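Notes to accompany the following structure.
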Amino acid sequence: MPDELWEIVGPLIPEFAPRRQGGGTAPVNDRMVFTAIVYVLTSGCAWRHLPAEFGVSVPTAHRRFTAWTRAGLWPRLHRAALEEPGARGQLDWASAIVEAAAARAKRAAS
């Protein structure tokens with residue numbers, strides 16, 4: 001994952017909270033987990049086929065995905081990813097809005 005993207009993502013990720021009853025494993029690096037989750041979501045790979053090269057177990061990746069989803073990470077990340085270039089004047093909001101509307105209209109027509 002590029003450092004520029006991690007600068008946006010990292011601060012949005014909920015802090016790891018160990019289980020109250022104790023036990024479990026040591027926390028896994030959030031950046032590694034995020035990268036593994038993005039791989040699964042963008043590749044269409046089944047969770048159970050997550051390559052070991054990511055250094056994250058399937059249960060950990062899925063558990064974090066579920067926890068981060070419940071915590072509202074994905075909508076916050078979407079907003080942050082749009083706001084960052086917009087704040088630097090690198091995002092043409094009019095084009096982005098028209099493109100989003102066109103995509104929705106195309107889906108509705110299908």
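Every number here is computed from the coordinates shown, using simple stated rules; none is lab data. Because the structure is a prediction, the values reported are computed rather than measured. Note: ideal-geometry Cβ built from the backbone for every residue, glycine included; neighbour counts use all protein chains shown.
Based only on Cα atoms, what mean projected area does the convex hull of the stretch 1-82 have, in nm²? Walk me through the intermediate numbers first.
Working: hull surface 23.3 nm².
Average of the hull's projected areas for the stretch 1-82 equals 5.8 nm².
For the ranges 29-40, 61-72, 44-55, 6-17, what's the packing order if you count other beta-carbon atoms within 10 Å of each residue, average per peptide, and put the highest first? Present the calculation step by step, with values, prior to reporting the outcome.
Working: 29-40: 18.5, 61-72: 15.1, 44-55: 11.4, 6-17: 13.2.
For the peptides 29-40, 61-72, 44-55, 6-17, the packing ranking is 29-40, 61-72, 6-17, 44-55.
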